Every structure is written in structure tokens, then in C-alpha cells.
Amino acid sequence: MSKVILIDGHSILNRAYYGIPLLSNAEGLHTNAVYGFLNIMFKILDEEKADYLAVAFDVHAPTFRHEMFEAYKGTRKPMPEELREQVPVIKEVLHAMQIPTLEHAGYEADDILGTLGKAYEAAGYDVSIISGDRDLLQLATDKIKIRIPKTKMSGTEIEDYYAADVFEKYQVTPTEFIDMKALMGDTSDNIPGVPGIGEKTASKIISTWHSIEEAHAHAAELKPKKASENLVTYYEQAQFSKVLATIKTDCVLDFKLEDAAIGQMMNDASYALLKRLELKNILKRFDSVAETTVNYQTVKVLDDFAAAVSWLEGIGETDQLGLYYFSEDDFEGLAACKADNVPVYIPAEGMMTAAVLREMAAAAAKRAGVCCMIDVKPQLYWLELSEEDGIFDAAIAAYLINPLKDSYTYDGIAQDFLGMTVPSRADWMKKMTLTEASEKEKESFGHYLAYSAMIPVQAYGTLKKWLEETGMDRLFDEIEMPLVYALYDMEKAGIAVEKDALAEYGSRLTGRIDELEKNIYELAGESFNINSPKQLGIILFEKLGLPFAKKTKTGYSTSADILEKLRTYDPIVGQILEYRQLTKLKSTYADGLAGYIRPDDQRIHGKFNQTITATGRISSTEPNLQNIPVRMELGRLIRKVFVPKEDCIFVNADYSQIELRVLAHMAGDEHLIRAYKEAQDIHRMTASQVFHTPFDEVTPAQRSNAKAVNFGIVYGISSFGLSQDLSITKKEAENYIQQYFRTYPGIKAFLDRSVEAAKEKGYAVTLFGRRRPVPELLSSNFMQRSFGERIAMNSPIQGTAADIIKIAMVRVNRRLKQQHMKSRLILQIHDELLIEAVLDEVDAVKAILKEEMEHAVTLAVPLEIDMHIGHNWYELK
DNA sequence: CCGACATGCAA
DNA sequence: TATTGCATGTCGG
């Protein structure tokens, strides 16, 4: 017999709130109701071996009862703010625990519970309904148990009512309980009832006559006399009350019981959330889960050549295949897994040479109906696969579903999408070193590798369903998966660096740094570590007594913008600023980049990461090639050491103000759209309109301020932020913003809309459906919430721009390959692409860049690019 | 030796 | 107290 638990959300939350003193976390968010709710829920789950669990909530919309009776629930006190703020939080917790929450306009939670309770009873389930509200007793049967918890800090006691228990307590059946309520009324719901009849009298009357109708027919026989008279006088009101008090059991609901199947409630998402809420007692429950690690059956080690070949050649189009190819430290092999089968591990050794294994693995991947992997890009170095092969990268799918996680490894995917706790790579590594594994523990090592093949193929169905249900399947298929191959090609191509020139640049810096260091020690009267903000702060603000000492958490702030204001007070400040600038260039760029030049080809092969950013941008590491200096001339000189290879030249193209154009389109603001269609200088245009100055008379200062406002808008503007940026008062900044919104009313409406939508849905969305959760919006901390609002304004813009350049990259890369060109895409810097173009392909490359970048998507405003050619990166300006 | 913090580079 | 990143050096556990 399967068991279903249904919870009356608001009612339990309410009980918990009043039963437990106010608690709050570090953010100031109150948590007592959430805590109490979860305690009750877990207590019930612990004692009942339930298979299904769902929680119903009331919605903030009138129900049929309100339509019948205007005063319905009219006397109910409004929810205190400290409780109200916990409603979305408990929903979020439930969501993280994969417990469905049900709410439906026009129905109360009671009606949902009644409908589902009766339906599942009829279908043969045992049902428990949890509520703090005795109204629910009318639903009790011998299969439906109504459970009413009494919350105290010390613990929870629960009263249970089957039909018989209701009868025992009230001498009426559950159905008759409705009639009883029709007589006695309910002040909290504003059900009128019949005056002069309370619980005792009502119980006596209904236990005798079983319904208000019968009682009315025998009114004369009723005692006491007052009750008899009032029942006649107020009979209509009693009938009316009966309808109000009757819980509907025939609501039309779109709900499938399987969605309420109890899964892995203690997962990463719920852990993070509970941790944030600081619900330590609930967090304890995770410990016991960690021990339930699933160490699945066995891995078949196919070290026999014939057996391995036959397994791989047996893969056909009806198979869902999981693959993981590994090559490191002279150790190479393939883990593979067919859906619902035992994983296999095939080491590259003996007759099964690495070359043969790689080829057979790639061939199997191509033949399979679908081939699922985790983190495909690095495996492409060994497996020759391309975007046409339709590989499914589970890490990228998981990233789209929640881009806020810090990794997408197999153990996390197993936890989140399969409810499975498996040992992580680190857990296995603790047990044995790689060498030990390869030499002595082949089977164990294969066992560990096998997770990387097994998890993606098992999670495939769930991930696919998530992508479809969130509307991100096309984003995944048409943008993200093809992009994997474009990024791989970029990494493989790398960028050539003139090592000697870089070294020379470094030593030039060193000369000046030594000079500055000497000067600084002299001016300070002692030597100290200039790189230590702590020591520097003491020298500047204590020893030299400079003014405006600003504090950070740990001491004085010595950041450039502070020092800049101190320049005139002491010559040491200027020297320090220059020292800072030069040591930055030396350590991060001159020395830092040198360490990444590969000796075999004198090129830097940086990594481009696709599953890092919250907004959908790509990131660059080892080294970061997206933050090479450009603003200051001295820093910009570094770009001279990045050069094209022989017979090549650099071509770059960058979008002109892509984010502002995306904003114009998404907001549909006619003024901004018109400004772009007329192809004017947009910052000047903004200045002209915001400052009421004729276009031709805008001063450089006005234009520059307008530019700052435009930036601010994209970042989710705040008057404080703008005032800092422009060194003006907050008041003035407020005026600029107000003027801006008056000029472009559509922008204001859009930004407001974005915040509202994110609050409602819990995430921000790009034009292509990419989502970015914004949990900060739930915070009761003003700063956190404001941060959430800025994220909600910025993410759709930054994210859509990221979507667009990704589309362009995929198409540019495709065309370079399809047309068998030797030119290669080598860098992406958020709104810019850099190509190392073979000299005789330059015109074709320029045409491709222009076409694919400007037409990656059609917006209400044109997308424009600027293109340049140069013999090194520095010249591309 | 690792993590937090401060700092500064880019779009 | 403006969005998104990454790398560096210092310093303390």
C-alpha cells in the first residue's frame, strides 16, 4: 500500500510561526516558521513511510467563497511581516527538496487537499493530511487520516483523526462536522453560523439529527429554546454557512502524483539554502545521508582485446551511451556505459593501443543513438568528434539548469539529478594515487572512472526533460553544444607570443620599479613591503599623517581611487601609484604570461570555460586572456607581443555597444530604438536629451557623463553607484537618472518589469531563454535585496549579449571550417572576436565576421561591428 | 600550504 | 553602495 502525505502549507507555517519564538539568520531573515514547518514535516516523514509528498498553499486571489460572500475571511488579521517574508522561503526550500507545492487561483489549500485526498483514497492509497486547521476533519475516513500538530519549541505532538476519532471527539461523523460548523460558525473565517449556537449545542443537535436540514425540520423539538428559535430565524444563514464550510473535493487540478514522489530531499541545493538560513538542526539530517553513499555494483574491466572490440562494436543506434576518455601521466583508458548496464573500463594497453582505442571510442560515440559525456571539451583532444555527432554534455546541461554552482562534476550531477550520493574524484584519490591505481588497482581505478561514464547516461533523461520544461532545449542544442567545438578549436589554436619581446618589456619595467622602490623608501624614511596594504597604510596614514584615512574590514584602504585623491599631499603617493601600476604589469602580465608560453610552438593555449559565469558569458583562465591591458598606454604595449603566425594577420571585430542595443530591443523603447536606427553617436544623443542641449552643442563633459549613465543603466543603476563613478553628489546622480528615465520611459518600465518578473519567478531570463536564479531577491536584508534587483536588471542584458556573440562564434567557426579556410578564431573577449587570418583569406574573413556577427540575431535596432587589422594585437585599434 | 582579503586588469 | 570575471601578493591559521 502506497502512502501519500499532503500538507496544508499556510496553516502549518502559521502554527510554526506562533509556536516558536522569532529566529533570524545573519542576513536578518526570519526563519522560525520555516524551521517549525520543516520540523513538523520531518517528524511526520520519519514516522510514516510515505512514498509521495506535496504541499498546498492558498493563493492571493478571491475564491468562489469570496464571490458568494464578500465578508468571507474578512475579519482575519493580516499576516505579520515577519511571517509573510517566510512564505517564499519555505516554498524555495520545498522546491530545492524537490517537493511539489500546489496552489491554484480560485481554490483554497483546503479544496486542493480535499480533492487530492479523495482522489488518492479512491485510487487505493493511504492518505495523511497535515493541517493546523480543524476544518479539515470533514475529510477524515478510515483511509484518510487528518493530523493536527501542536508545535512547541520542545517538540511536536500530533493529534490524529480517522473518521472514528472524529466521532469519538465530537459525536458526529466527518460529513456531519460540516453541518456542525454551519451552526456554530467560525469567527476566523467569518462564517456566520447561527447566533446562540456554540460547539456544545451544535454537537448535540447534529449528533441527534445528523444535518441542519433535518434539524430544521424538527426545529420545534430542539433544545434549548433559544437555539430552536434562532435556527428558524437564521436558517438561510445556516445553509449558506454550510456551503462556505464545505471543502471542495472536485477541483480541476493539473497534477500528477508521480511528481510528488519523494526523492533526494537532502541535496546540494537544499543544503546550501538551509545553511544560508542557518537551520542547524535541520542540517544535521545531511550527515546520515552522506553515509548512504551508493557504491554501485561492479565495473567490467575489458583488458582482453577481442572482448573490448566486441563491446565497442556492439554499440548501435538503439543504445544510449555514456563515455569518459582519460589520458594522463602515461595512463590512458576509456570508461563506457550503456544505459542501465554495468559500466566497462577499457585500458589502452597491449594490443588495444591508445590510437585504436581512441578511434573505436569515437566511432562508437558516433554510432550510438545518443552519447552522453561530462565535460566534453578536454576529451576532444583524444576523441575526434564534432558538433554533427550530437554529443550530449551533461555538465553543460546542468550549468544551464543552474548556472550558480561552482562545479559540474559527476558526483554533483548524480546528487542533483539522480538523487544519488557517489564518491567524488577527490574521495577516490584519497584512497590511492594515480600510479598505484594504474599498476596495482586497475579494477578500482576503472571503477572510479566509470562514474564519469555512467552518471551522464543515467541522468540524460532527467536533464533532457529539465531542459525542455525550462524552454532551454534549443539554447542547449543550437548554441551551447556547438559552442563546445568552437571553444575547443580556439584553445587548440592558441595565440603566438614573442617571448623575447615579452622578457624585454618585463626588464624595462623592473628598471623603473627599482627606482620607484628606492624613492619610496627614502620618502617614507624606512623600507617596508609596499605590496602589503597593511604596512603601506601604516606608513601613509600613521607615519606620514595623510588625511582621509578610510577603513576597510582589516585596516586602511590604500586603493588607487583613494590614493588618487591624496596625490597633492605628498610626493610619495604618486610614486606608490606608479609602483603599483608597474608591479601589476610585471607580475601578472610580463612574468605571468611568460609562464604559459608552450615551448613546442611558442604559443599560449588559454582555456575558455563555458560553465562558470552566472550570466552566460564565457570566462578565460590559465591565463586570463580577456583582461589584457588596453586603457593605459604602458599596459597596452603588452599587446605588441601577441602576434599572428607567418603569412597571417590579425583581424578583430567588436560589437558597438551591444548591451545598450540589446536593452533598446528588449525594452522596446521607441526613443532609444530610433536613436540607434538613425545611427547617431548614442552617448552624445543621450547627453543632448538628458541635459536638454542641442545635439551639436553637447560638451565633451556632458557626453562623458551621459556615457557613464548609459553604463550605469546596464549595470542596474543606483544613484550612489553613479555618484561614485562621476564624483558627484548622490542628489545630482539621482537627477541624472530621473532625467534619463524621463527621456527613455520604456527603459524604466523594462527594468521595473525585469525585477518584478525575477521576484515572481525566482530567476532572470535572456532573450534566448537562458536563466539566472536570483535568490538574493528573497533576502530581507536591504543591501542583499538591492543587489538582487540589480542582478535582475543586468542579467537579461548581459546574458542576451553573451547569447548573441556565442551564436556568432559558432557560425563564424563553422564557416571557416566548411570553407576549408586556414584562418582561425583565437580569442573571444565578451563583445569581440579575434581571428588569426591567413593573408589571402583576409577579405573572406572580414566578410564572414561582418555577416555572422551583425546577423547573429535580428533585433529592433541594427547590430554594428568595428573591424580592424594589425600585425600584432596592439595595432588593432 | 590553503583560504580570505585587498587590489587591479578587462568587457 | 554599479554588472561579470581572473590573477596577483600578503598574511594568518
Inside the range A:114-142, the number of residues satisfying the requirement of being assigned to a helix (DSSP H, G or I) and at pLDDT 85 or above is 13
A:Ser587 passes all but one of the listed conditions (1) more than 16 Å from DNA strand C (Cβ to nearest atom); (2) at negative phi; (3) loosely packed, with under 15 Cβ neighbours inside 10 Å; (4) not charged (D, E, K, R); the exception is number (1)
Residues of the range A:776-788 being crowded, with 20+ Cβ neighbours inside 10 Å and closer than 28 Å to A:Ile805 by Cα, in sequence order, are A:Gly788
Residue hits (the range A:643-658; open to solvent by less than 20 Å² (accessible area, probe 1.4 Å) and within 36 Å of the chain's Cα centre (by Cα)) are A:Val651, A:Asn652, A:Ala653, A:Tyr655, A:Ile658
ask   = Do the conditions hold for A:Thr615, that is, is it at pLDDT 90 or above and on the phi < 0 side of the Ramachandran plot?
value = yes
Inside the range A:636-655, the number of residues satisfying the requirement of being out of contact with any strand residue (DSSP E or B) (no Cβ under 9 Å at 6 or more places or on another chain) and outside any helix (DSSP H, G or I) is 1
Note on the range A:721-736: residues open to solvent by 80 Å² or more (accessible area, probe 1.4 Å) and either among the hydrophobic types (A, V, I, L, M, F, W, C) or within 8 Å of DNA strand C (Cβ to nearest atom) (or both) are A:Gln724, A:Asp725, A:Lys730
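Yes or no, residue by residue, for (1) open to solvent by 30 Å² or more (accessible area, probe 1.4 Å); (2) in the same structural domain as A:Leu722 (by TED's automatic domain parsing); (3) part of a helix (DSSP H, G or I); (4) more than 30 Å from A:Val87 (Cα to Cα):
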site	(1), (2), (3), (4)
A:Gln738	yes, yes, yes, yes
A:Phe750	no, no, yes, no
A:Glu756	yes, no, yes, no
A:Lys759	yes, no, yes, no
A:Phe768	yes, no, no, yes
A:Arg772	yes, no, no, no
Just one listed residue, out of A:Ile658, A:Ile673, is among the hydrophobic types (A, V, I, L, M, F, W, C) and within 16 Å of DNA strand C (Cβ to nearest atom), and it is A:Ile658
A careful count of residues in the range A:205-249 that are outside any helix (DSSP H, G or I), loosely packed, with under 14 Cβ neighbours inside 10 Å and either aliphatic (A, V, I, L, M) or assigned by TED's automatic domain parsing to the domain that holds A:Leu113 (or both) gives 0
Conditions (1) in contact (Cβ under 8 Å) with a residue 40 or more places away in the chain; (2) away from DNA strand B (no atom under 16 Å from the Cβ) -> A:Lys730 fails only (1)
Please indicate, with yes or no, whether at least one residue in the range A:551-571 is within 11 Å of DNA strand C (Cβ to nearest atom), under 21 Å from A:Arg631 (Cβ atoms) and open to solvent by 20 Å² or more (accessible area, probe 1.4 Å). yes
inquiry  = Any residue that is under 39 Å from the mean Cα position of the chain (by Cα) and among the aromatic types (Phe, Trp, Tyr) - is there at least one of those in the range A:572-585?
reply    = no
The helices (runs of 4 or more DSSP H) lying entirely within the range A:363-433 that contain at least 2 residues which are farther than 19 Å from A:Ile618 by Cα and within 26 Å of the chain's Cα centre (by Cα) are A:410-418, A:425-431
The number of residues in the range A:263-280 that are closer than 21 Å to A:Ala50 by Cβ and either surrounded by fewer than 19 Cβ atoms within 10 Å (Cβ to Cβ) or not hydrophobic (A, V, I, L, M, F, W, C) (or both) is 4
Flagged in the range A:831-844 as in contact with a Lys or Arg (Cβ under 6 Å, 6 or more places away or on another chain) and closer than 15 Å to A:Ala486 by Cβ, in numbering order, are A:Glu836
Within the range A:330-362, the residues that are of a type outside the set (A, V, I, L, M) and part of a helix (DSSP H, G or I) are A:Arg358, A:Glu359
Being within 13 Å of DNA strand B (Cβ to nearest atom), polar (S, T, N, Q) and in contact (Cβ under 8 Å) with a residue 60 or more places away in the chain narrows A:Ser619, A:Ser656 down to just A:Ser656
In this structure, does A:Val755 turn out to be within 24 Å of A:Gln657 (Cα to Cα), free of Cβ contacts under 8 Å to residues at least 60 places away in the same chain and in contact with an Asp or Glu (Cβ under 6 Å, 6 or more places away or on another chain)?
yes
Of the residues in the range A:598-616 that are away from DNA strand C (no atom under 13 Å from the Cβ) and in contact (Cβ under 8 Å) with a residue 60 or more places away in the chain, the one that is least open to solvent (accessible area, probe 1.4 Å) is A:Arg603
Here the qualifying pairs (Cβ atoms under 6 Å; residues six or more apart or on different chains; first in the range A:624-635 and within 12 Å of A:Tyr589 (Cα to Cα) and outside any loop (DSSP other than H, G, I, E, B); second of a type outside the set (Ser, Thr, Tyr) and within 12 Å of DNA strand C (Cβ to nearest atom)) come out as A:Gly635/A:Leu585; A:Gly635/A:Pro629
Checking A:Met853, A:Met821, A:Met809 in turn, the sole residue that is in contact with a Phe, Trp or Tyr (Cβ under 8 Å, 6 or more places away or on another chain) and crowded, with 17+ Cβ neighbours inside 10 Å turns out to be A:Met853
Going through (1) away from DNA strand B (no atom under 16 Å from the Cβ); (2) under 45 Å from the mean Cα position of the chain (by Cα) one by one, A:Gly525 fails only at (2)
Matching residues in the range A:132-149 (open to solvent by less than 10 Å² (accessible area, probe 1.4 Å) and farther than 19 Å from A:Ile191 by Cα) number 6
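Residue by residue, here is whether (1) modelled with pLDDT of 95 or more; (2) of a type in the set (Phe, Trp, Tyr); (3) open to solvent by less than 20 Å² (accessible area, probe 1.4 Å) holds:
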residue	(1), (2), (3)
A:Trp382	yes, yes, no
A:Asp393	yes, no, yes
A:Ile396	yes, no, yes
A:Asn402	no, no, no
A:Thr409	no, no, no
A:Gly412	no, no, yes
A:Met420	no, no, no
Conditions (1) in contact (Cβ under 8 Å) with a residue 60 or more places away in the chain; (2) over 30 Å from A:Pro62 (Cα atoms) -> A:Val243 fails only (2)
Please verify whether the range A:694-717 includes one or more residues that are under 27 Å from A:Ile618 (Cα atoms) and in contact with a His (Cβ under 8 Å, 6 or more places away or on another chain). yes
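The values are calculated or read from the model by the stated rules, or taken from the named source; none is laboratory data. Only a predicted model underlies this, so the values are computations on that prediction, with no experimental measurement involved. When we count neighbours, we look across all protein chains shown, and the Cβ atoms used for this are built from the backbone with ideal geometry, even at glycine. Just so you know, the surface numbers come from the protein's heavy atoms only, side chains and all, with ligands and any DNA or RNA stripped out. Shrake-Rupley method; radii C 1.70, N 1.55, O 1.52, S 1.80 Å.
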